[in-house]
Amino acid sequence: MAEAALWGGVAASSLLLGAVIAYLFRPRANVTAIVMAVGSGLLLGSVAYELVEEALETQSLAWVALLLLVGAGVFALGDWLIDRRGGSGRKDSSGKQKEGSPLAIVLGSILDGIPESFVLGLTVLQGGVSVGLLFAIGLSNLPEGMSSSSGLDAAGWRRRKVVWMWLAVIAVSALSASLGYLLLDPDSARTGALVQAFAAGALLAMVADTMLPEAYAQEGVLTGLYVAVGFAGAVGLNAL
């Protein structure tokens, strides 16, 4: 469990690295969007090849599809509630966070990190952390940290407050990875498959709801190309 928590924290730490990059180098919004799109593709590839494919080895298509939809629905509901309470602009780089609720922004950032960290914990229990998934999560978190931190800075948030927010997200991500490790029953591949399918659905909803819209807002039709590049990278990592 400690190993799962460690890797969950490591993957989420790129959020803080993104904040440092945003404050020191002020990258252009389109650069952040490109990295976000590529990271989205990597995560989509990880869902397809490391979660859904493995779940189908021990569970029927109907059960995997059902739990995938349930996972997506649970995340979408949480995201909707947070958006209604002022967290919808949490990844915007222009400062829209000024109009939102600080608590909702923090909770939204935490919610975004839960599915991916949970899945990472599952891979640790299955014999070792998935390098491909770890890379995908780290790369997808980097532009999130860059974009959100830039927007929060423009909205007047003190940088110390932003750093504390990311540290809280890293801590919750480590906890989520530990839960992913604990909830996968090592004596029942069927139970594990259902957990994988649920987590895959939540991860898909997170990518579609919070990452792709921000990327598309900057890169438009080129977003699909960058996502495909990331997906191809995930396929390559899975083949190693």
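The values are calculated or read from the model by the stated rules, or taken from the named source; none is laboratory data. Quick caveat, the model's predicted, so the values are computed rather than measured. Note that we place each Cβ from the backbone using ideal geometry, even for glycine, and neighbour counts take in every protein chain shown. Each accessible area value is taken on the protein alone, full model and side chains, heavy atoms only, with ligands, DNA and RNA left out. Shrake-Rupley method; radii C 1.70, N 1.55, O 1.52, S 1.80 Å.
Limited to segment 178-198, what total is found for residues that are in a helix (DSSP H, G or I) and modelled with pLDDT under 85?
Result for segment 178-198: 13.
Checking the conditions here, which among G9, G39 is touching a Ser or Thr at 6+ places or on another chain (Cβ under 8 Å), surrounded by fewer than 24 Cβ atoms within 10 Å (Cβ to Cβ) and within 21 Å of S176 (Cα to Cα)?
Being touching a Ser or Thr at 6+ places or on another chain (Cβ under 8 Å), surrounded by fewer than 24 Cβ atoms within 10 Å (Cβ to Cβ) and within 21 Å of S176 (Cα to Cα) holds for just one of G9, G39, which is G9.
Pick from segment 109-165 the residues that are without any contact (Cβ under 8 Å) to a residue 40 or more places away in the chain and small (G, A, S): which of them is surrounded by the fewest Cβ atoms within 10 Å (Cβ to Cβ)?
Going through the qualifying residues, I end up with G127.
Which members of segment 48-68 meet the condition of being open to solvent by 70 Å² or more (accessible area, probe 1.4 Å) and under 22 Å from L133 (Cα atoms)?
Hits for segment 48-68 are Y49, E53, L56, E57.
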